[in-house]
Amino acid sequence: MKNFRNAILFNSAILAILISSCSPSSNIKDNIVGKYASTSENNYDYFKDTIEIKSTDDGNFEIQTIANWSAAKKDDPQRPNKNKKAGIWNNYGPGKVSVAALQISDTTLRITEPITGNVRILYINLHTKTIFEPLGDGDKSIYHKIL
């Protein structure tokens, strides 16, 4: 009887360890939360963007672009946007707040657009503290954690 009780205790301890190691950790969520910055350029402009990711009470994340800067590479008074003069940085202000769900199996944040049902996927690399988002033109935005 004593051996049977010891076997049950041992198996219960092993099961508890396995469940705790396989369950989603709040540590992952804590590592995702913060501010991320990205710099990029195209043929005409330079860009500097900052996004902020906050955790919500229901286990999701709020993602918002808090700074969206761009500057022209060359003077062009005919351009239709603010970037007419080279070297002058223009802020396009904060973006809307999006709600994302964490997919732990592949460490992604998924934002579902409410009207269209389209899903934006942000890929998270916890080791390098980066997030990248594929863009429609085949390129990708890479955000590095700053805070």
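Scanning segment 22-35 for residues that are at pLDDT 90 or above and touching a Ser or Thr at 6+ places or on another chain (Cβ under 7 Å), which turns out nearest to Ile88 (Cα to Cα)? Only one residue tops the list, namely Lys35.
Kindly indicate whether Leu135 is in contact (Cβ under 8 Å) with a residue 60 or more places away in the chain and among the aliphatic types (A, V, I, L, M).
Here the answer is no, as Leu135 does not meet what is asked.
Has segment 48-55 got any residue that is touching a Leu at 6+ places or on another chain (Cβ under 9 Å), crowded, with 17+ Cβ neighbours inside 10 Å and acidic (Asp, Glu)? Checking segment 48-55: at least one residue is touching a Leu at 6+ places or on another chain (Cβ under 9 Å), crowded, with 17+ Cβ neighbours inside 10 Å and acidic (Asp, Glu).
Any residue at all in segment 5-20 that's among the aliphatic types (A, V, I, L, M), out of contact with any helix residue (DSSP H, G or I) (no Cβ under 9 Å at 6 or more places or on another chain), surrounded by 10 or more Cβ atoms within 10 Å (Cβ to Cβ) and at pLDDT 85 or above? Taking every residue of segment 5-20 in turn, none turns out to be among the aliphatic types (A, V, I, L, M), out of contact with any helix residue (DSSP H, G or I) (no Cβ under 9 Å at 6 or more places or on another chain), surrounded by 10 or more Cβ atoms within 10 Å (Cβ to Cβ) and at pLDDT 85 or above. Residues that are modelled with pLDDT of 95 or more and not hydrophobic (A, V, I, L, M, F, W, C) are absent from segment 111-122 altogether. Evaluation of Asn90 against the conditions (1) in contact (Cβ under 8 Å) with a residue 60 or more places away in the chain; (2) polar (S, T, N, Q); (3) farther than 22 Å from Lys29 by Cβ shows that the sole unmet condition is (1).
Count, please, the residues in segment 84-103 that happen to be outside any loop (DSSP other than H, G, I, E, B) and within 18 Å of Phe47 (Cα to Cα).
Taking segment 84-103 and keeping what is outside any loop (DSSP other than H, G, I, E, B), we get 86, 90-91, 97-103.
Then keep just the ones that are within 18 Å of Phe47 (Cα to Cα); that gives 86, 90-91.
Total meeting the criteria: 3.
Going by the conditions given, is Ser70 within 28 Å of Glu113 (Cβ to Cβ), of a type outside the set (A, V, I, L, M, F, W, C) and touching a helix residue (DSSP H, G or I) at 6+ places or on another chain (Cβ under 9 Å)?
Answer is no for this residue.
The combined condition, being among the charged types (D, E, K, R) and within 15 Å of Trp89 (Cβ to Cβ), is not fulfilled by Asp58.
Each residue in segment 66-105 was checked for being under 23 Å from Lys54 (Cβ atoms) and among the aromatic types (Phe, Trp, Tyr), and 2 pass. When segment 31-50 is filtered for residues that are among the hydrophobic types (A, V, I, L, M, F, W, C) and over 20 Å from Asp75 (Cβ atoms), the ones remaining, listed by number, are Ile32, Val33, Ala37.
When Asn31, Asn43, Asn81 are checked against the criterion of being exposed (fewer than 11 other Cβ atoms within 10 Å of the Cβ), of a type in the set (S, T, N, Q) and not in a strand (DSSP E or B), Asn43 stands alone in meeting it. Checking each residue in segment 104-121 for being of a type outside the set (A, V, I, L, M, F, W, C), under 14 Å from Glu133 (Cβ atoms) and in a strand (DSSP E or B) picks out Thr108, Arg110, Arg120. With respect to the conditions (1) touching a Pro at 6+ places or on another chain (Cβ under 6 Å); (2) closer than 14 Å to Ser40 by Cβ, Ile66 falls short on a single one, namely (2).
The values are calculated or read from the model by the stated rules, or taken from the named source; none is laboratory data. It should be emphasised that the depicted structure is a prediction, and the values quoted were computed from it without experimental measurement. For neighbour counting, all protein chains shown are included, and Cβ atoms are generated from backbone atoms with ideal geometry for every residue, glycine included.
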